[in-house]
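The structure under discussion appears below in the form of structure tokens.
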Amino acid sequence: MSPEYKTFVSKLLEKTINKMAIWNKTSRENEFILKLADGSVSVDSWLDDDNEDLFVDLRIWNNKGEVIDILTHGLKSPDYPELKNLHDVVKRSYLKIDDTLKSFIKELDSNKVAGEEDELPF
């Protein structure tokens, strides 16, 4: 990965970790997109059934919605861990996993009864 892309990934991570990036889900199962002033960036992760390898990609979109660059790395690539980490952080941010866990812990720490009974459909 070029030094410019390493800087870009680092800045995306920083903004996402600091809850200053609004990622959205695309129609693909594990792809998330961040819309910026001059285009968008997406990150995706998937298993290639043909050769049973894990992949992650970073796509750069211009403001016309055209993909203008793609970085794709498989599990064996030295850049895979960096892009996979970005994908994992983005996914956790989008799904609000850490906020949900904090809420669960707060609820379980309280003196209140946890959970609700399901109403039976009669």
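The values are calculated or read from the model by the stated rules, or taken from the named source; none is laboratory data. Note that this is a predicted model, so its numbers are computed, not measured. So basically every Cβ, Gly included, is an ideal-geometry build from the backbone, and we count neighbours across all protein chains shown.
Tell me which residues, restricted to the range 23-49, are of a type in the set (A, V, I, L, M, F, W, C) and either surrounded by 12 or more Cβ atoms within 10 Å (Cβ to Cβ) or in a strand (DSSP E or B) (or both).
The answer is Trp23, Phe32, Ile33, Leu34, Leu36, Val41, Val43, Trp46, Leu47.
Checking Leu95 against (1) surrounded by 11 or more Cβ atoms within 10 Å (Cβ to Cβ); (2) out of contact with any Leu (no Cβ under 6 Å at 6 or more places or on another chain); (3) at pLDDT below 95; (4) among the hydrophobic types (A, V, I, L, M, F, W, C), which single condition isn't satisfied?
Evaluating Leu95 over (1) surrounded by 11 or more Cβ atoms within 10 Å (Cβ to Cβ); (2) out of contact with any Leu (no Cβ under 6 Å at 6 or more places or on another chain); (3) at pLDDT below 95; (4) among the hydrophobic types (A, V, I, L, M, F, W, C) leaves (3) as the failure.
If Asp69 satisfies all but one of (1) surrounded by 17 or more Cβ atoms within 10 Å (Cβ to Cβ); (2) part of a strand (DSSP E or B), what's the number of the condition it fails?
Result: Asp69 fails condition (1) only.
Of (1) exposed (fewer than 14 other Cβ atoms within 10 Å of the Cβ); (2) touching a helix residue (DSSP H, G or I) at 6+ places or on another chain (Cβ under 7 Å); (3) under 23 Å from Pro3 (Cβ atoms); (4) not hydroxyl-bearing (Ser, Thr, Tyr), Ala114 satisfies all except one. Which?
Going through the list (1) exposed (fewer than 14 other Cβ atoms within 10 Å of the Cβ); (2) touching a helix residue (DSSP H, G or I) at 6+ places or on another chain (Cβ under 7 Å); (3) under 23 Å from Pro3 (Cβ atoms); (4) not hydroxyl-bearing (Ser, Thr, Tyr), Ala114 breaks only (3).
Can you tell me how many residues within the range 40-86 are closer than 14 Å to Leu12 by Cα and more than 16 Å from the chain's Cα centre (by Cα)?
Number satisfying all stated conditions: 0.
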